[in-house]
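See structure below.
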Amino acid sequence: LHTAYRRQRQMCIRDSTLAAYAVAVLQGADYVEPDLVMSKDGQLFARHDNELGLTTDVAQHPEFADRKRKARIDGVELDGWFSEDFTAAELKRLRAIERIPDVRPGNTSLDGQFEIPTLQEIIDLVKALQVSQGREIGLYIETKHPAHFQQLGLAMEKPLVELSLIHI
């Protein structure tokens, strides 16, 4: 059993992108494991964390500069840009970047090339890969900071269940 989790390490493809999931499946992964966060308007997006500054180019978007703030997420004080402050359309304008460029400088060559996918896009990719690969590929979903999103009125369970019911 092989799981595609966040990134396809050997090829330096950005974490939590459709490209990383696709390459991992083509290399034999049986499951795609997206980490999910919420947008301001209740859409599920693949990100390892709801703080966007480490894994997206949000800091390069002057139109979002005023969204940078301090927040307490699950008991940890953070300073950055948070998924819950952006609509789905705004999140789609961001691109993935290498999370730890000082440790993995070679991985920065693809910074800015990949969108942040929605859960729906991941489901669509998995369905297409099942057809092209002629095998079952599962989804193993991890919600990130569900209590935090619940407190904001952005409970993750309802959209997750709704999408699941559509695709059963």
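Going by the alpha-carbon gyration tensor, a ≥ b ≥ c the square roots of its eigenvalues, is segment 103-168 rounded (a/c under 1.5) or, if a/c is not under 1.5, prolate (a/b greater than b/c) versus oblate?
oblate
Where the accessible area of the chain is counted over protein heavy atoms with a 1.4 Å probe, how much of it, in %, is carbon and sulfur?
54
Give me a comma-separated list of calculated 3J(HN,Hα) values for segment 125-133, in order, Karplus coefficients 6.51, -1.76, 1.60 applied at θ = phi - 60°, integers in Hz, x for any Gly or Pro.
3J(HN,Hα) across segment 125-133, in whole Hz: 4, 4, 4, 5, 5, 4, 5, 5, 8.
Regarding segment 38-118, what's the average projected area of the Cα-atom convex hull, expressed in nm²?
If you wrap the Cα atoms of segment 38-118 in a convex hull and average its projections, you get 5.5 nm².
Taking θ as phi - 60°, what are the ³J(HN,Hα) couplings along segment 138-150 by the Karplus curve (6.51, -1.76, 1.60), each to the nearest whole Hz, with x for Gly and Pro?
Values, residue by residue: x, 10, 10, 8, 10, 7, 9, 6, x, 5, 4, 5, 4 Hz.
Run the simple label-point estimate for K127 and E142 please: 7 Å along Cα→C-beta, distance reported in nm.
2.6
Describe numerically, in nm with one decimal, the distance between label points set 7 Å from Cα along Cα→Cβ at D41 and at L152.
According to this spin-label approximation, the distance is 1.6 nm.
Take E63, project a point 7 Å from its Cα along the Cβ direction, then tell me which residues of segment 111-125 have their backbone nitrogen under 16 Å from it.
116
Working from the alpha-carbon coordinates of the chain, get Rg over Rh, Rh being the Kirkwood radius.
Details: Rg = 15.7 Å, Rh = 16.3 Å.
With Rh from the inverse mean 1/r over Cα pairs, Rg/Rh is 0.96.
List the residues whose amide H sits under 5 Å from the amide H of V32, counting only those 5 or more places along or on another chain, with H placed 1.01 Å from N in the peptide plane.
Residues meeting the amide H criterion: A4, G138, L139, Y140.
The values are calculated or read from the model by the stated rules, or taken from the named source; none is laboratory data. Nothing here was measured: the structure is a model prediction, and the numbers come from that model. Cβ: placed from backbone, ideal geometry, glycine included. Neighbour counts: every protein chain shown. With ligands, DNA and RNA removed, areas are computed over all heavy atoms of the protein, side chains included. Shrake-Rupley method; radii C 1.70, N 1.55, O 1.52, S 1.80 Å.
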